[in-house]
Amino acid sequence: MKALVYQGVKDVKVRDVDDPVIKHNDDIIVRVTSTAICGSDLHLIHGMVPNMPKGFILGHETMGIVEEAGRDVTKVKKGDRVIVPFPVSCGRCWYCRHDLWSQCENSNANGEVGGIFGYSNTYGGYDGGQAEYLRVPYANVGPTVVPEEFTDEQVLFLTDVLPTSYWGVEMSGMKEGDTVVVLGCGPIGLTAIKWAAFKGAGRIIAVDYIDYRLEHARTRYRVEVLNFNHYDNTGEYIKDITNGGADVVIDCVGMDGKMTVLEMAESALKLQGGSKSAIEIATQAVRKGGTVALVGVYGARYNMFPLGDFFARNITLKMGQCPAHAYVEPILSLIREGKFDGTDIITHVLSLKDGEHGYEIFDEKMDNCIKVVLKP
């Protein structure tokens with residue numbers, strides 16, 4: 001089959017690879033109809049996630065048709081159209097039973113973190129879904145049948161974007177009328193803005209340095225926007241215009257944010273886990289007693305982490321990998337009822353064979369690219 005594989009730093013290729021096969025009785029094989037490129041995929045191709053071998057199949061936002069099912073699979077059957085949440089979860093361990101699906105203790109023999117499709121050997125070594133076919137383990141747990149009346153684009157983001165952004169707003173404890181700052185206007189950030197508005201935020205401020213993304217937030221969602229390149233201290237500026245800071249700051253940037261020269265050097269030497277620019281803005285932009293939710297992916301340890309700034313101002317920090325399974329059905333119900341639509345972030349729909357180009361325009365912020373969907 002054809003698949004997008006990691007070949008080295010900033011080197012992604014479409015290659016012929018072996019078709020997946022059933023390995024366990026509760027596996028299924030999915031014929032992929034749509035898959036997407038995620039911002040956290042860029043962390044992989046930038047060399048910021050360890051144990052990423054050449055030839056590894058990328059992708060964790062995937063849906064398609066069940067082609068084959070192991071004999072113990074009862075939740076889905078051949079011919080079902082399913083979405084596959086990005087965490088690999090057993091459904092039996094303490095974490096899964098307590099809705100911490102992304103922390104499954106049985107899905108990753110390579111470490112303490114839970115397994116993730118297409119996200120290096122560090123996260124279990126599971127082949128990703130940017131391919132013609134995908135093996136899905138624990139098929140009685142993750143895959144969810146989706147209504148035939150919806151297009152792929154309407155339900156594809158149930159795999160990651162919609163649960164992650166919803167969860168970010170939910171775990172922030174945002175209340176109706178609150179002032180919310182969203183750092184980063186990529187797919188997760190833009191969708192978090194929509195969820196914050198959906199849940200009744202009184203004021204939303206979107207922060208980025210990519211003008212076309214900020215324009216999307218301003219024109220589509222009618223929120224205030226700030227280009228942090230225009231301010232000497234963006235966090236202090238936000239504190240000033242909000243009379244003491246936002247109730248909630250949601251960091252949708254993560255370790256691959258815009259780095260200082262020092263951070264680039266330290267990260268190259270493995271002395272730093274990547275950018276912490278968004279965290280530093282958050283320390284100043286949040287009000288005393290407020291909450292900062294880290295939704296963007298962070299990796300290794302960080303030097304000069306501003307812990308004292310958070311401590312001194314009684315800030316609550318919340319963070320982690322979204323337990324996506326817990327949110328699929330509730331969000332699917334909202335889509336079914338016409339109450340939420342996440343398709344406006346899609347700017348490019350390409351063939352899988354054009355996946356290299358998709359990665360290039362997404363990574364380099366070309367052609368006003370916000371979200372790329374690939375069709376095998």
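Figures for the structure shown
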read-out: Qualifying GluC sites (Glu not before Pro) for the stretch 64-130 [loop in DSSP, other Cβ within 10 Å: at most 16]; value: GLU105, GLU112
read-out: Over 19 Å (Cα to Cα) - which of LYS78/LYS339; LYS194/LYS288; LYS353/LYS375 fall in this group; value: LYS78/LYS339; LYS194/LYS288
read-out: Helix 325-336 axis, angle to the chain major axis (alpha carbon atoms, nearest 10°); value: 90 degrees
read-out: Descending principal axes extents, the chain, alpha-carbon based, whole Å; value: 60, 48, 43
read-out: Cα lying deepest toward the dipole's positive end in the chain, options ALA3, MET255, TYR95, charges on Cβ; value: TYR95
read-out: Residue-count net charge about ASP18 - beta-carbon cut-off 13 Å; Lys, Arg +1, Asp, Glu -1; value: 0
read-out: Of the trypsin sites (Lys or Arg not before Pro) in the stretch 66-96, those whose Cβ has at most 16 other Cβ within 10 Å and which sit in DSSP loop; value: ARG71, LYS77, LYS78, ARG92
read-out: Within the stretch 162-319: Cβ-based charge dipole about Cα centre, in debye rounded to nearest 20 (Lys, Arg +1; Asp, Glu -1); value: 360 debye
read-out: In the stretch 168-232, trypsin sites (Lys or Arg not before Pro) in a DSSP loop with at most 13 other beta-carbon atoms within 10 Å; value: LYS175, ARG222
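Every number here is computed from the coordinates shown, using simple stated rules; none is lab data. Small disclaimer: the values here were computed from a predicted structure and weren't measured. FYI the Cβ positions are ideal-geometry reconstructions off the backbone, even for glycines, and counts take in every protein chain you see.
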